[in-house]
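**Student:** Below is the structure I would like to discuss, written out as C-alpha cells.
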Amino acid sequence: MELISVIIPAHNEEERIGQVIDKLKETKSNIEILVIDNCSTDKTSDIAIEKKVRLVHCNSQGKGYAMEEGLKYARGNIIVFVDGDLEVYIDDLITTMVTPIINNEADFVKSAFKRDGGRVTELVVKPLLELLFPKMYKFEQPLSGIIAGRKDIFEKLVFEKDYGVDIGILVDVIKLTTKVKEIHVGRIENNSQSWHALSDMAKEVERAILKRANYLK
C-alpha cells in the first residue's frame with residue numbers, strides 16, 4: 001500500500017492538534033503524520049511527541065515555511081496537508097482525499113466542505129478569481145488548507161510564506177496540470193479570527209492572486 005505523508009503545519013495549536021492527530025490515525029490508508037511546529041510557544045510539540053508522530057521544528061514563522069519544511073522530511077509520494085486547528089467530522093479524511101490521486105483521476109485534490117464564516121473567501125477571493133481568472137473552475141473553498149497531491153507536483157512550486165500560500169498553490173498547480181479535482185469532505189470547523197487578523201489575511205491573499213495575474217511582482 002502506497003505511503004501517504006500527512007503534514008500538519010502548526011503554530012500554537014495545543015487546543016486541537018491532539019484531536020486532529022487522533023482523527024487522522026483512524027484512516028485505512030498507510031500514513032505517516034508529520035507535525036511541523038512553526039515557532040509555537042505552547043505545548044504543540046509536547047502533544048505531537050505524546051501522540052507518537054514525527055515532529056519537525058520550523059524556525060521561520062509562516063505557514064508556507066512550515067509546509068516547505070514538511071516536504072523535505074516527507075517519505076511518501078503522495079502528500080496531504082491538513083491544518084492543525086480543525087474539527088474534522090468526516091470519517092477517513094485521508095482516504096477520501098487521496099483516492100482520486102491513487103486512481104489517476106487527479107494530480108491534485110482540493111477539499112470543499114460545509115462551514116460557518118468564510119468571509120475572506122466570499123468577499124475577496126471568489127470575486128478576484130472571477131475577474132482575473134474567469135476560465136478557472138469555480139472552487140467552493142479556494143482557501144481550504146486541506147489539500148493533497150503528488151509530491152513531485154508540490155516540489156515544483158514556490159510557496160508564499162503567509163496566508164497567501166493556499167491560493168498561490170491552487171493557481172500555480174492549475175498552471176501545471178489540468179487534473180485538479182475538488183471533493184466534499186463533510187463539515188469542518190476551524191478557529192474564528194478577529195477582524196484585524198482577517199484584514200491581514202485578505203491583503204496577503206489578494207497579493208498572492210494579483211502576483212499570479214501579473215499585476216504585482
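**Student:** Please list, ordered by chain and number, the residues whose modelled amide H lies under 5 Å from the amide H of D42; skip anything fewer than 5 residues away on the same chain.
**Tutor:** Here N12 satisfy the definition.
**Student:** Show me, for the range 135-144, the HN-Hα J-couplings you get by feeding each phi into the Karplus relation (A = 6.51, B = -1.76, C = 1.60, θ = phi - 60°), rounded to Hz, glycine and proline as x.
**Tutor:** Residue by residue, the range 135-144 yields 8, 5, 3, 7, 6, 6, 10, x, 9, 4 Hz.
**Student:** Can you tell me what share of the DSSP beta bridges in the chain is antiparallel? A percent to the nearest 5 is fine.
**Tutor:** Approximately 30 percent, going by the DSSP bridge assignments.
**Student:** Holding the Cα-Cα limit at 26 Å, pick out from K23/K211; K43/K110; K43/K217; K135/K217; K63/K217; K63/K151 the pairs that are longer than that.
**Tutor:** Correct reply: K23/K211; K43/K110; K43/K217.
**Student:** Between the range 1-65 and the range 133-161, how many Å separate their Cα centres?
**Tutor:** With the range 1-65 and the range 133-161 each reduced to a Cα centre, they are spaced 20 Å.
**Student:** Ranked highest first by the average count of other Cβ atoms within 10 Å around their residues, in what order do 96-106, 123-133 fall?
**Tutor:** Descending packing order for the listed peptides: 96-106, 123-133.
**Student:** From the convex hull of the Cα coordinates of the chain, what is the mean projected area in square nanometres?
**Tutor:** 11.1
**Student:** Just rank D166, D172, D42, fewest to most, by other beta-carbon atoms within 10 angstrom.
**Tutor:** D42, D172, D166
**Student:** Based on the Kirkwood radius over alpha-carbon pairs, what is the Stokes-Einstein translational diffusion coefficient of the range 77-142 at 37 °C with 0.692 mPa s viscosity, in µm²/s?
**Tutor:** Approximately 235 µm²/s, per Stokes-Einstein.
None of the figures in this text is laboratory data; all of them are computed from the coordinates on show. Keep in mind that this is a model prediction, so the values were computed, not measured. In this analysis, Cβ positions are derived from the backbone assuming ideal geometry, glycine residues included, and neighbour counts consider all displayed protein chains.
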